Amino acid sequence: MTINAVLLAVVIMLGLSLARVHVVLSLLIGAIAGGLLAGLGITETLEAFQEGIRNGAQIALSYALLGAFAVAIAHSWLPQSLAGSVIKRIDAGGTSGMIKYLLFAGLITMSCFSQNLIPIHIAFIPLLVPPLLLAFNRMHIDRRLIACLITFGLVTTYMFIPYGFGDIYLNQIMLKNVGEAGIDITDISVVKAMAIPAFGMFIGLLIAVFVSYRKPRQYQQLTIDKEAHDAAIRDNELEEDDLSKIAASAQVQSKTKTLVALAAIVTAFVVQLYTDSLLLGSMLGFAVFMATGVVKWREADTVFNDGIKLMAMIGFIMITAQGFAEVMKATGEIAPLIDGATNLFAGNKAVAALVMLSIGLVVTMGIGSSFSTIPIIAAIYVPLCISLGFSPLATVAIIGTAGALGDAGSPASDSTLGPTSGLNIDGQHDHIKDSVVPTFLHYNIPLLAFGWIAAMVL
């Protein structure tokens, strides 16, 4: 019995990642192992990998511009103002429980907005989360919970709401591929098809908040608290008159910069809406900051470089994941993996749905992108679903869920890399143990279960 090359590559990649080998190396080694097992040879495997990297050049540029846009937003002091107001409430003796759940709601809302409303994707995380770590530490909040909160907003939004990234995933990719594969998509409601799987994500969120990570967790007070303490001392050393003047000036500047930030966000959103280009939206949003002087001309180069640095590692991992995905496609063993699985159910719809969803989980875990999984599986799943008697709505639910499965919990996914980039700023949040494993357990398992339910009842 031969081992499927795609399955082996994914297992090797995940195993190495869990063994704390860097994700980039894990992806590369997994891709080479899969390519060699499929008989591609080292040269052909590396050529396919390099082709995937070239195809990921747009991703790199997108992340660079998103990072620059995010740093420009930071110049408006919106994230810092939010963090400061939270810490001020804690210091004033506010109800920690209320503040905690307001923080949770705010993080989820921002995560959702970054997918559907404000086109900065995960770039908001390294800007918003680090200033809030002081508040998290003081309230003894488990950072694994924060990772779950952010991942919920990032994943559930695009797989359920057909707007922004959701429009790309649900309409431009999924429905397009389903239609091309032979199903009439005229009267299909993607919201209805994905409602039950999205509810599964919500159940996972509730378990994370109220069961898994409700207990306090202690973290060392490192540079974050030190910097905040030093800043407080400096403020106390100011004379009262100076403090009043600074406060008045800061209030005026803050209002102006807030308005500019809102204008830039609206500009980026409108441009993205009409052009379907995150690149152009981010670029023009950045231009608003420059035109209004929030980002001065002489500082533009520094801000842009800071944005690139901010997103460099995430962008590089995503590009590497593109190379991995290209090798998986070049093996030609994704289709045999699916075809081989069909022998397990021979007309049994319940088993068929479970197997199709499980294969989607394996493929997306390896590729790290739900958006890349859909084109791979749709052409094979649609005829299979038709032959087994699944309704068009159930077919869309199976394919949409199969694509989304594995986004949370993949070492190479931006849904896990993003939270880690913000939570590990002081070195106390491990990518695999604290982001990948928790999000996998709390979202992939419920999503698998509720996706199966959707396939059975729709």
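Treat the range 378-448 as a sphere of radius equal to its Kirkwood radius over Cα pairs and apply Stokes-Einstein at 20 °C in a medium of 1.002 mPa s; give the translational diffusion coefficient in µm²/s, rounded to a whole number.
Numbers: Rh = 13.7 Å.
Answer from the Stokes-Einstein relation: 156 µm²/s.
Within 13 Å, Cβ to Cβ, of GLU51, how many net charges do the neighbouring residues add up to if Lys/Arg are +1 and Asp/Glu are -1?
Numbers: positive: ARG54, LYS329; negative: GLU44, GLU47, GLU326.
It works out to a net charge of -1.
Spacing of the modelled spin labels on LYS349 and ASP187, each 7 Å from Cα toward Cβ, amounts to 1.8 nm.
The simple spin-label model puts a point 7 Å past each Cα toward its Cβ; for GLU51 and LEU280 those points are separated by 3.0 nm. When ASP434, ASP187 are sorted by how many other C-beta atoms sit within 10 angstrom of their C-beta, beginning with the fewest, the order is ASP187, ASP434. Please compute the modelled spin-label separation between ALA291 and LEU102, points set 7 Å along Cα→Cβ, answer in nm with one decimal. Distance between label points: 3.5 nm. Alpha-carbon geometry of the range 316-458: the Rg and the Dmax are 15.9, 53 Å, given in that order.
Near ALA31, once Lys and Arg are set to +1 and Asp and Glu to -1 for all other residues with Cβ below 14 Å from its Cβ, the sum equals -4. Working note: Karplus 6.51/-1.76/1.60 with θ = phi - 60° gives the range 352-365 the couplings 4, 4, 5, 5, 4, 5, 5, 5, x, 4, 5, 5, 5, 4 Hz, where Gly and Pro are set to x. In this structure, GLN172 and GLN220 have a Cβ-Cβ separation that, at R0 = 51 Å, corresponds to a calculated FRET efficiency of about 0.65. What pairs in LYS100/LYS255; LYS215/LYS309; LYS215/LYS257; LYS100/LYS257; LYS176/LYS257 have C-alpha atoms more than 31 Å from each other? Correct reply: LYS215/LYS309; LYS215/LYS257; LYS176/LYS257.
Since every read-out is calculated from the coordinates, none of them should be taken as a lab result. Since this is a predicted model, take the numbers as computed values, not measurements. Because the Cβ atoms are built from the backbone with ideal geometry, glycine has one as well, and the counts that use them run over all protein chains shown.
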